[in-house]
1. If you place +1 on the Cβ of every Lys and Arg, -1 on the Cβ of every Asp and Glu, and leave all else neutral, what size is the dipole of the chain about its Cα centre, to the nearest 20 Debye?
2. Sequence-distant or interchain residues sharing an amide H contact under 5 Å with Gly340, placed H: which?
3. Starting from the Cα gyration tensor of the chain, take the square roots of the eigenvalues, sort them a ≥ b ≥ c, and report rounded, prolate or oblate (rounded when a/c is under 1.5, otherwise prolate if a/b is larger than b/c, else oblate).
4. Given a cut-off of 20 Å, what percent of all Cα-Cα pairs of region 221-345 lie beyond it?
5. At a Cα cut-off below 14 Å, give the aspartates and glutamates reachable from Lys199, other chains included and same-chain residues fewer than 8 away excluded.
6. Relative to a virtual label point 7 Å from the Cα of Asn177 in the Cα→beta-carbon direction, which members of region 235-251 show backbone nitrogen distances below 19 Å?
7. Tell me, what HN-Hα J-couplings in whole Hz come from the Karplus equation 6.51 cos²θ - 1.76 cosθ + 1.60 at θ = phi - 60° for each residue of region 126-138, using x for Gly and Pro?
8. Can you list residues from other chains, or at least 5 along the same chain, whose modelled amide H is less than 5 Å from the amide H of Phe271?
Amino acid sequence: MTKITIIGSEKSGRTTLASKLGKKGNTADITMYDFSKNDRVLTTIDAVGYPTSVKPMVTAFNLSDIVLLCVPPEGLDAHTGECIISLDLMGYKHGIIVLTKSDTSYPFALDELKEKIKKITTGTALENWDYISVSTTSFEGMEELKEMIFDMGDEVEKEQEELKDLPTRVVIDQSFNVTGIGCVVLGIVMQGTLNAKDKLVAFPTDKTVEVRSIQMHDVDAKSAPPGARVGLALKNVQSKDIERGFILSEKEDVTEDLTLKCQFSQFSKGFAIGDVPHIFVGLQSSPMRLAKIVVNGEEVERTTTDAECTITLTGSKLLAYNESDRFIICNLDDKQRFVGYGYKA
Ligand SMILES: Nc1nc2c(ncn2[C@@H]2O[C@H](COP(=O)(O)OP(=O)(O)OP(=O)(O)O)[C@@H](O)[C@H]2O)c(=O)[nH]1
Ligand SMILES: [Mg+2]
């Protein structure tokens, strides 16, 4: 079960590529395409709401294991740069750089483009990503791309296997009511193993829910391993009480205010006291006011890119997280919206 996100600039061929990798599902700010053959299942996410909004992109990244960054022959633009910076700030591990619409370019131009991308991704999380040229018109590279995705998927599965004995955490991305069944949610088992009849808390609320039944790609299952995309029928809760971003687990920290140890990107202007950055953690997000900045033990007025900053933020929305979660810090008013990342201090 491999889950990928296709991202890139406007008109980079994202949607066309996604449609060639599977059958179209529900549409909102992200569209999912499903493909299954023999025992292989591939879920492809097209973050259609990006670049207008960054939220669908962050959501898609969190729901997938592999990212395909699409770059068309026209080359790199500000949004491609933003995709690279966001993936770097997220520390995104697995991905492929896809040079799209190769039928409209020439081998030497594609090589030049590849060298350019290699240069600007040096020292980032994308440094060692593989490259492939594809065309959805001539089908050049399409079979090879699928093979690359499945090989990488096998690698990811081995990594996820190691998470199976950790405490169970399931992130929810959809919640709805099904007549005769009740509350049904869709989500991903981020770690641990989910079993039918498990009783877990729907954080950030304090409501305990019971997992009545589990489905994986429409097939009933008794349990689900880390990495699995699951549909769950829940007992003791109504669908309207569960939102995208909720976490089913035994224990999470839940707060409105946060203190984070942060690194800020050299490509951003950073923030001053009183600014209101947008904070993402998993699929949750909230605007929060910057109340305090500490650098090297001293209170300062502005964030810096030279050293770690400990920032205190005040908000009005409950967020659920734990110490291993990476927070992403955005400035939605800036041209390049991804500013930094941090962990619970
Ligand atoms: N010649 C050629 N055209 C392509 C290929 N892939 C996509 N296109 C065309 O490029 C245009 C943009 O493709 P989309 O798939 O809509 O790109 P997108 O990145 O989803 O675009 P937005 O969501 O509008 O930002 C469309 O007119 C496609 O038909 C390709 O491999 N070869
Ligand atoms: Mg599109």
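1. Once rounded to the nearest 20, the dipole reads 880 debye.
2. Amide H neighbours of Gly340, under 5 Å, 5+ apart: Ser265, Ile329.
3. Oblate, because a/c is 1.5 or more while a/b does not exceed b/c.
4. 49
5. The reachable aspartates and glutamates, counting only those whose Cα sits under 14 Å from Lys199, are Glu210, Glu250.
6. Those under the cut-off are 235-244.
7. 8, 3, 9, 5, 7, 10, 8, 9, 9, 9, 8, 8, 8
8. Here the answer is Thr303, since their amide H atoms fall under 5 Å of that of Phe271.
Every number in this text was worked out from the coordinates using simple rules, so none of it is lab data. The structure presented is a predicted model; accordingly, all values stated were derived computationally and were not measured. Note: ideal-geometry Cβ built from the backbone for every residue, glycine included; neighbour counts use all protein chains shown.
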